[in-house]
Amino acid sequence: MRCRDAYDYELTTGPLAADAYVGGIRDLLRLRSGAADRIAASVALDPTFAVGHAALALLGHEMCVEVDIAARLADARLHAARASERERSHVHAIERHLVGDPAPLVAHLASYPRDALLLSVAMPTIAFAGVTDVPEQAWRIAEDAAPAYGDDPWITGLMAFVRQEQRRFDDAMELSCRSLAAEPSGGHAAHARTHAHYETGDHAAGLAWMDGWILGDGASTDSLTHFSWHAALHELSIGDLAAVRARYERQLQPRQAVGCRALVDSGSLLFRWAITPDATDVPPLAEVVAVTGRDVLERPGTAFLGLHAAVALLATGDRAGLRDLAAWCAHHPSPTHREVVAPLATALGLLAAGRSSAAADRLAALASSTWRLGGSDAQREIVEEARIAALLRAGRYDEARQVLDARLDRRVSPRDRAWRRSAADQAARILLPSTLMSTFANADGAGPPSTAPVVAE
């Protein structure tokens, strides 16, 4: 009897390797810990298992799992020759995805919609960065595949995330709650729910629910730092900086993060915290940079990682690193690396050099393209926040106020109201810790870092 995965697709391997792989994919789809180890066990049990090798290469590329990506792809290609047509298509789709070509993966899902791992790759959520620059295309891929899954709680949770991306927040909440009722530890459903709370400004209820889930049904989740990041965003929005500090110390230390989460979650929180009105003594990003490593910072595998690498390099005042990142991305095969990440790194390099007004202009020009970076609205808005900081630093208060008004139209945020008051009074007082202030020096190589409040250039 042939082995099959959880969605009834054939697996060309023995029962022990199949069980390990199916368990690993199940945990990966539900964002549970240990998924990569189980998938690695499948190829240890059967070194000829093609889709196991391909999955490990994918996790190395997208999630910074420590594997030899080239070797895993080579083994996947070699052993796919003896596998089923679906498995050969699966391996080819992953191989092409890793070099920035999404077409085979999209075509694969049209033929094999219940290939849940690749559907998860195609629809950017907490786990993967997506395969298309156009959100509507990712939504359509998920919409087209969903009927093949029936009432499976995982697909319900994934569709909840699609609905919140479409800003259909009531539908997202209904679907996420339905999925969680069937599978309380389901990571995608929990993720969709927390986005719905955040995007509607429902900070108190969202924070209470998120804290309960983190300590309860979600305790076994592999990406707990990301859910803690969401809770911290609520606290930041409310203006409870003491709570942000306590959560960072308790749940968001970079050394506790898995894979790239130190960069994406801990690093981005530190930056946003540091540019918040009245923030003081914000921890530096040095540990985030050390945990992440120079290769990811200057040669990120995905545009989404490139966004967060650029922010981390700015926050540590690494102008040479920003130049290297921009140069590398400018020659990348992926159009998003070339057309979005490279100019973003250049813009943040201007900000690091004290050219705040020029940086604000460059960031404004990128505003209509940031959705191409992948991830969520909540993650991508860090670019908008860097622009606000640049405008305030440049003394362009009316423009900063216009950006903040648009944000406040989207949702309630005491933090944004505090920012707006500063802009309206033409006395922006974004107090940055000395470790970040060096990135906003008034001129190239201008003396030691300042600890004074930010004022106009």
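The values are calculated or read from the model by the stated rules, or taken from the named source; none is laboratory data. Since this is a predicted model, take the numbers as computed values, not measurements. In this analysis, Cβ positions are derived from the backbone assuming ideal geometry, glycine residues included, and neighbour counts consider all displayed protein chains. Just the protein is used for accessible areas: all its heavy atoms, side chains included, with ligands, DNA and RNA removed. Shrake-Rupley method; radii C 1.70, N 1.55, O 1.52, S 1.80 Å.
What about Gly239, is it surrounded by fewer than 23 Cβ atoms within 10 Å (Cβ to Cβ) and on the phi > 0 side of the Ramachandran plot? In short, yes.
Please go through segment 242-263 and pick out each residue that is assigned to a loop (DSSP other than H, G, I, E, B) and surrounded by fewer than 19 Cβ atoms within 10 Å (Cβ to Cβ). If you could, list the steps in order and put the result at the bottom.
Going through segment 242-263, the residues assigned to a loop (DSSP other than H, G, I, E, B) turn out to be 252-253, 257-260.
Those that are assigned to a loop (DSSP other than H, G, I, E, B) and surrounded by fewer than 19 Cβ atoms within 10 Å (Cβ to Cβ): Gln253, Val258.
All told, Ser120 falls short of being touching an Asp or Glu at 6+ places or on another chain (Cβ under 6 Å), open to solvent by less than 30 Å² (accessible area, probe 1.4 Å) and over 27 Å from Ala406 (Cα atoms). Restricting segment 23-47 to residues that are open to solvent by 20 Å² or more (accessible area, probe 1.4 Å) and farther than 16 Å from Leu58 by Cα leaves a set whose member that is modelled with the lowest pLDDT is Ser33.
Could you tell me how many of the residues in segment 87-103 are more than 18 Å from Gly60 (Cα to Cα) and buried (at least 18 other Cβ atoms within 10 Å of the Cβ)? Write out each step before concluding.
First, the residues of segment 87-103 that are more than 18 Å from Gly60 (Cα to Cα): 87-89, 103.
Narrowing the set further to residues that are buried (at least 18 other Cβ atoms within 10 Å of the Cβ) leaves 87-89.
The total comes to 3.
Mind checking whether some residue in segment 366-374 is open to solvent by 20 Å² or more (accessible area, probe 1.4 Å), more than 27 Å from Glu62 (Cβ to Cβ) and assigned to a helix (DSSP H, G or I)? No, segment 366-374 contains no residue that is open to solvent by 20 Å² or more (accessible area, probe 1.4 Å), more than 27 Å from Glu62 (Cβ to Cβ) and assigned to a helix (DSSP H, G or I). Among the residues of segment 272-288, write down those that are open to solvent by 30 Å² or more (accessible area, probe 1.4 Å) and not polar (S, T, N, Q). Hits for segment 272-288 are Asp278, Asp281, Pro284, Ala286, Glu287.
Kindly indicate whether Gly301 is open to solvent by 10 Å² or more (accessible area, probe 1.4 Å) and touching a helix residue (DSSP H, G or I) at 6+ places or on another chain (Cβ under 6 Å). Against the criterion (open to solvent by 10 Å² or more (accessible area, probe 1.4 Å) and touching a helix residue (DSSP H, G or I) at 6+ places or on another chain (Cβ under 6 Å)), Gly301 qualifies.
Cβ-Cβ distances below 9 Å connect the following pairs, each with a first residue in segment 368-390 that is in contact (Cβ under 8 Å) with a residue 24 or more places away in the chain and more than 20 Å from Thr302 (Cβ to Cβ), a second residue that is among the hydroxyl-bearing types (Ser, Thr, Tyr) and open to solvent by 20 Å² or more (accessible area, probe 1.4 Å), and a separation of six or more residues or different chains: Ala390/Ser357.
Checked against the criterion of being open to solvent by 50 Å² or more (accessible area, probe 1.4 Å) and either in contact (Cβ under 8 Å) with a residue 12 or more places away in the chain or more than 19 Å from the chain's Cα centre (by Cα) (or both), the candidates Thr221, Thr200 yield just one match: Thr200.
Before we move on, is Leu392 in a helix (DSSP H, G or I), more than 20 Å from Gly259 (Cβ to Cβ) and modelled with pLDDT under 95?
For Leu392, the condition - in a helix (DSSP H, G or I), more than 20 Å from Gly259 (Cβ to Cβ) and modelled with pLDDT under 95 - is met.
Considering only segment 278-321, how many residues are outside any helix (DSSP H, G or I) and either in contact with a Phe, Trp or Tyr (Cβ under 6 Å, 6 or more places away or on another chain) or polar (S, T, N, Q) (or both)?
Here is the first cut: in segment 278-321, the ones outside any helix (DSSP H, G or I) are 278-285, 293, 299-302, 316-318.
Checking the rest, the ones that are also either in contact with a Phe, Trp or Tyr (Cβ under 6 Å, 6 or more places away or on another chain) or polar (S, T, N, Q) (or both) come to 279-280, 282, 299, 302, 316.
Matching residues across segment 278-321 total 6.
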